[in-house]
1. Restricting attention to the stretch 22-48, report how many residues are in contact (Cβ under 8 Å) with a residue 12 or more places away in the chain, at negative phi and either aromatic (F, W, Y) or open to solvent by 80 Å² or more (accessible area, probe 1.4 Å) (or both).
2. Say whether the condition of being among the basic types (K, R), on the phi > 0 side of the Ramachandran plot and touching a residue at least 12 places away in the same chain (Cβ under 8 Å) is met by at least one residue in the stretch 88-97.
3. So which of P67, P74 is touching a residue at least 60 places away in the same chain (Cβ under 8 Å), under 22 Å from the mean Cα position of the chain (by Cα) and open to solvent by 70 Å² or more (accessible area, probe 1.4 Å)?
4. Tell me, which residue of the stretch 174-195 that is modelled with pLDDT of 70 or more and more than 15 Å from L135 (Cβ to Cβ) is least open to solvent (accessible area, probe 1.4 Å)?
Amino acid sequence: MIKKVITLNVFILTTMGYLGYAQVKIGNRPEAVHPRAALQVEHNTKGIMLPVVENHTELPNYNAAHPDLYENNPTDNGLVFYSKEIKDAVKYDGYRWIAATERSIKNYKNLSILGSNSSDQTVANVLGITGRPTLQFNILKDLDRNNINNLGLTVNANGEITIPTSGFYRINPSVKTSSAGGLSVGNAATIVSLQALYGNAVGEGWQKIHENSFLLYGLLVTGGSSNSINSFSTTKYLHAGDQIRLRAGIQADTGLNVGTGVTFKMSDKDTFLYIEKLN
């Protein structure tokens, strides 16, 4: 082993003196090194063994206390291991470990995922009368929660999101809710409504793109609280300068709500707005 190390060191020094920089060739035809390779391996029957870990807990920057299990360390971007757990090579993108065949979310240039750091929104339905507030999303750029803004969206103080370029968009809202119970005859449902304000539609105001209801299965008298997620996906052509917003509320699906309520959990990791520009 000592003899091999000494031989390699001599080869590197000789190469540096001859070419002006280090190049290392291992395997067949050691005299033929690709001009752009700092390290080249050429062999017909032997490959490269990456450092191996049994499972994800052995990978550098692992921290069970983090939401994605890994500490953010951009200086380690590019590290590669082989994981026996998933039987695949894994790479570190500076924020998390992903399979070598998986693309880092940072590299999806046509994608924005907006989260929220706003306060929870509570809506009550009294005798069928309810409000539908606009849910406030933010440009967080929090990779621990997969919040990115590669599309360059902007959000104003009213929670209205401006589309920067024209094209087809896939929009997927996900909103976590907590029902507060109450008195209802029949079933209650949470409503999430995606709306658009088209720049070329003068005087028409906000228009509904898609609306989704999530049934809460109310009884004559309901009490306590339960969590649910209202989510849907839709595709729409939008022009540059068009605006979209997400409004939410609660209504009677069947029968009559006498006094039911629901809270939209805005800062929860299951509340987000996925917006992808399709090629």
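The values are calculated or read from the model by the stated rules, or taken from the named source; none is laboratory data. What you are looking at is a predicted structure, and each value in this text was computed from that prediction instead of being measured. Every residue, glycine as well, gets a Cβ built from its backbone with ideal geometry; the counts of neighbours run over all protein chains shown. Remember, those area values only see protein heavy atoms, side chains included, never the ligands or the DNA or RNA. Shrake-Rupley method; radii C 1.70, N 1.55, O 1.52, S 1.80 Å.
1. Matching residues across the stretch 22-48 total 4.
2. Filtering the stretch 88-97 for residues among the basic types (K, R) gives 91, 96.
Those still in the list that are on the phi > 0 side of the Ramachandran plot too: none.
No - not one qualifying residue is present in the stretch 88-97.
3. On the way: P74 fails: touching a residue at least 60 places away in the same chain (Cβ under 8 Å).
The conditions single out P67.
4. If we filter the stretch 174-195 for residues that are modelled with pLDDT of 70 or more, which is where we start, we get 174-179, 189-195.
Next, only the ones that are more than 15 Å from L135 (Cβ to Cβ) stay: 179, 189.
On the way: S179: 18, A189: 1 Å².
Result: A189.
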